[in-house]
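Presented below is the structure to which this report refers.
The values are calculated or read from the model by the stated rules, or taken from the named source; none is laboratory data. What you are looking at is a predicted structure, and each value in this text was computed from that prediction instead of being measured. Positions of Cβ are backbone-derived with ideal geometry, glycine not excepted, and every protein chain shown enters the neighbour counts.
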Amino acid sequence: MVKLQVAIDLLKIEDAIALATKVAPYVDIIELGTPLIKSEGLSGIRKMKDAFPDKLVLADFKTADAGELEAGMAFGAGADYVTILGTSGDSTIAGAVKAAKAHGKGVVVDTIGVKDRVKRAQEAIALGAEFVELHSGLDEQAEEGYSIQVLIDEASRAGVPVSIAGGVNLGSIRRVKESGVVVAVAGAAIYGAEDPSKAAKELKELLNA
């Protein structure tokens, strides 16, 4: 079953928890986006995990160095997953994986900025990542001609556990699911919706169909 991850890019933990409360019945992973973590720090992770102990919490650190140290910080604060940048060195990913094993948690390698996402995904899984996020960031999505189909095609070719982030919505989620992903990551499609609960419910129903 494909998991649904909500990416929360709000800046206040109170607002993030309020949103998560609305969508929690329909999501499997609650992601504290990088801006939220920069705004609230490690205490934000702890508050989210305390509010939703039955959900997987992902801390989107986008770590580029000191992998073992930063991953350990995230896990110590209650995160179940932490993201490491795919553009970082193998030793950074391996260090984070070491911390994950010590805590019984998982590392997600984020391929934002990576030129060959498929190749790096395969390398990251070999290094011990739980899954790899094929990710087009907000700036890339704003570029003329951007299409999530690029990520969908990459997921189909990867042959390793991946998620897709970068335009997952009601119009694309069937294709995202069919690509073989283990996680579909929705951000603006949920938190930007007039009714986030309804949006999350509809996305989850399409994943379960």
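Structure values in brief
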{"quantity": "Of the criteria (1) at pLDDT 95 or above; (2) out of contact with any strand residue (DSSP E or B) (no Cβ under 6 Å at 6 or more places or on another chain); (3) not polar (S, T, N, Q), which one GLU143 fails", "calculated": "(1)"}
{"quantity": "From the options GLY44, GLY78, residue that is part of a loop (DSSP other than H, G, I, E, B), farther than 22 Å from GLY113 by Cβ and small (Gly, Ala, Ser)", "calculated": "GLY78"}
{"quantity": "Residue within the stretch 140-151 that is closer than 20 Å to LEU4 by Cβ, outside any loop (DSSP other than H, G, I, E, B) and in contact (Cβ under 8 Å) with a residue 40 or more places away in the chain present", "calculated": "no"}
{"quantity": "Whichever residue in the stretch 81-95 is in contact (Cβ under 8 Å) with a residue 40 or more places away in the chain and not in a loop (DSSP other than H, G, I, E, B) and, among such residues, is farthest from the chain's Cα centre (by Cα)", "calculated": "ILE84"}
{"quantity": "Unique residue being out of contact with any Cys (no Cβ under 6 Å at 6 or more places or on another chain) and either surrounded by 19 or more Cβ atoms within 10 Å (Cβ to Cβ) or under 21 Å from GLY166 (Cβ atoms) (or both) when the list is LYS55, LYS12, LYS38", "calculated": "LYS38"}
{"quantity": "Subset of the stretch 108-124 (residues that are out of contact with any Asp or Glu (no Cβ under 6 Å at 6 or more places or on another chain), not hydroxyl-bearing (Ser, Thr, Tyr) and not in a helix (DSSP H, G or I))", "calculated": "VAL109, ILE112, GLY113, VAL114, LYS115, ASP116"}
{"quantity": "Candidate set from the stretch 1-15 (those that are touching a helix residue (DSSP H, G or I) at 6+ places or on another chain (Cβ under 6 Å) and not in a loop (DSSP other than H, G, I, E, B)); member that is farthest from ALA71 (Cα to Cα)", "calculated": "LEU4"}
